[in-house]
Amino acid sequence: MPHGLSQERPTGPAIHPISAARPAPPNLNRRQLLALAVALPALGACAGDTRQRPQAQPPAPVKSGVPALDPNRPGNETWPFEEAEALDKSLTWPATQVPEPPAKVVLTVAITADVIAEVRNAQFDLFFRRRHPNIEIRRETSPIDAYLTKYMAQAAGGKLPDVMYTHYSWAQNFIANAVFEPLESYIAKTPGFGMDDLPENALGYFKDAGGKLYALPTDMAPKLLFYNKDAFDAAGVGYPDASWTVEKMVETARRLTKGEGAQKIFGFTPMPLPAPDLTTIFLLPYGGRFLSQDEMTVTIAQAPAEKAMGMWLDVLLKDKAVPSLAELNQVLEKVEPFKIGKAAMSIQGAWILTELAKQKAFTWGAAPVPKGPAGRFTPAVGSGLAMTAASRQKDAAWIYLNEYLSSTGQQFRRISAPARQSAWLPNAEALGIPKDVIEVAQEAMKEYATSDGVMHLPANKKVVDTAKPIWEQAMIGKLGLEDALRQIADKVTPLLAENKIA
């Protein structure tokens, strides 16, 4: 998720400055103030309202690394305008009983994006405005690393956009601070919205403790075991399938590792690291966890998790079948080895399917993640959109969300890992992704994908930032397994009190 999800984030050219005054700063209770303090360790670096002030002329979209687009005909080689326009006209866009605004309104949409996403989402916004001429779209595009801090700061000042992107791991920060508006009443006014087309096992990221839903997924995908068919064929090894265990995968990784230096082919990537989904991918198969299910206790130093982490440390230090930190930084120049044909296997999110389908360097396939003694698990992760509680244009915001989050919207945007299950096959065909791979992904979402074990409460970033450098000391042999896991437990435990707010 996986930050390779920028294709799934809403963007569009800036049209008009905001004309409506923002509401006064809200009265935050103690719980919300505590949540805000948790989420803003770097508040001083970006304090204040950084959004543009109203001005007489429509501002041109200026974004680092993103070319200016013709607001009337946005397009490029990847997304030609004529093809986008034809596709838009061929699709049936969903309706809602929420009324259109009777006069012109400006809807501000806060997102993150990249160069490719910028074009497609600008096209979406243009065609949306044709269908809804009273709704003007103004985008606020922020770097993903600065997004959470920026908008938590703006929440403290009561100045927020109308529609906001949220990564699954940030949603509880926003929900705890009453930034988002509950969506049930709007869904009820949209009979064809089709909640049954969305993966129920991944909606928990966007709900509060009482079950209220505050955001809806734009993309949601499992992680799969991807493999380089050429590497398997050269070694005479059969391809992975649903019968594989973690031990079988590790054994095969050892066998397929060959070469040295720039010519080396690794058996597997990535090396397990402290991350929000470490538990689900690498620890739950052995009955272990990084944190307890309520994210209030560190359990990575307990026997089941220690066994799993110890196995992978041996794969790194003894077998050298996964890239070391030095190899990643120096030989591979921080590029994911599997994507460039330098690894035989990799557990990756299904959002890399578009990238793999385009490359011609090697042939590849996908299989279910392997099972362990305790079962088979994969994280269902992605991103979402929400409307803000402070918005004065909630009806317009829902009209936008309804189209953007619909199966039609996700088919228009050609998402490789759509949240809408009905969009998987049409998008796969359009993107050149093999049907059998899509079937593996859809089966994973239906049968064993889960949010269990995926850290998403407010302390999760601090937990990862604290634990990762300690584990890296074990990866270079400066700390033993038990010492590293004990230090992680000692350092992370005090941070978990921050999760009590959620």
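Remarks
- Looking only at the stretch 247-269, residues that are charged (D, E, K, R) and part of a loop (DSSP other than H, G, I, E, B) come to 2 in all.
- Test: residue in the stretch 290-306 that is surrounded by 15 or more Cβ atoms within 10 Å (Cβ to Cβ), in a helix (DSSP H, G or I) and of a type in the set (A, V, I, L, M): yes
- Residue, farthest from Gln473 (Cα to Cα), within the stretch 314-341, restricted to residues that are surrounded by 19 or more Cβ atoms within 10 Å (Cβ to Cβ) and modelled with pLDDT of 95 or more: Phe338
Residues are listed down the side, and each one gets a yes or a no for (1) over 20 Å from the mean Cα position of the chain (by Cα); (2) under 28 Å from Asn76 (Cα atoms):
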{"site": "Phe124", "(1), (2)": "yes, yes"}
{"site": "Phe128", "(1), (2)": "yes, yes"}
{"site": "His132", "(1), (2)": "yes, yes"}
{"site": "Asp145", "(1), (2)": "no, yes"}
{"site": "Ala153", "(1), (2)": "yes, no"}
{"site": "Ala171", "(1), (2)": "no, no"}
{"site": "Val179", "(1), (2)": "no, no"}
{"site": "Gly194", "(1), (2)": "yes, no"}
{"site": "Glu200", "(1), (2)": "no, no"}
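- Residue in the stretch 366-378 that is in contact with a Gly (Cβ under 9 Å, 6 or more places away or on another chain), under 26 Å from Ala234 (Cα atoms) and not hydroxyl-bearing (Ser, Thr, Tyr) present: no
- Test: residue in the stretch 462-475 that is crowded, with 20+ Cβ neighbours inside 10 Å, assigned to a helix (DSSP H, G or I) and charged (D, E, K, R): no
- Residue in the stretch 379-395 that is in contact (Cβ under 8 Å) with a residue 12 or more places away in the chain, more than 30 Å from Ala357 (Cα to Cα) and acidic (Asp, Glu) present: yes
- In the set Phe290, Phe266, only one residue is over 22 Å from Trp364 (Cβ atoms) and touching a strand residue (DSSP E or B) at 6+ places or on another chain (Cβ under 9 Å); that residue is Phe290.
- Of the residues making up the stretch 437-455, those that are at pLDDT 95 or above and touching a Gly at 6+ places or on another chain (Cβ under 8 Å) are Val437, Tyr448.
- Looking across the stretch 145-156, the residues that are over 14 Å from Ser391 (Cα atoms) and out of contact with any helix residue (DSSP H, G or I) (no Cβ under 8 Å at 6 or more places or on another chain) come down to Asp145, Ala146, Tyr147, Lys150.
- Gln442, sole failed condition from (1) in a helix (DSSP H, G or I); (2) in contact with a Ser or Thr (Cβ under 9 Å, 6 or more places away or on another chain); (3) among the polar types (S, T, N, Q): (2)
- Pro101 being surrounded by 12 or more Cβ atoms within 10 Å (Cβ to Cβ) and modelled with pLDDT under 90: no
- Applying the criterion of being in contact (Cβ under 8 Å) with a residue 12 or more places away in the chain and either out of contact with any Pro (no Cβ under 9 Å at 6 or more places or on another chain) or of a type in the set (D, E, K, R) (or both) to the residues of the stretch 314-323, the residue that is nearest to Gly267 (Cα to Cα) is Ala321.
The values are calculated or read from the model by the stated rules, or taken from the named source; none is laboratory data. For clarity, every value in this text was computed on a predicted model and none was experimentally measured. All Cβ positions, even for glycine, are placed from backbone atoms using ideal geometry, and neighbour counts span all protein chains on display.
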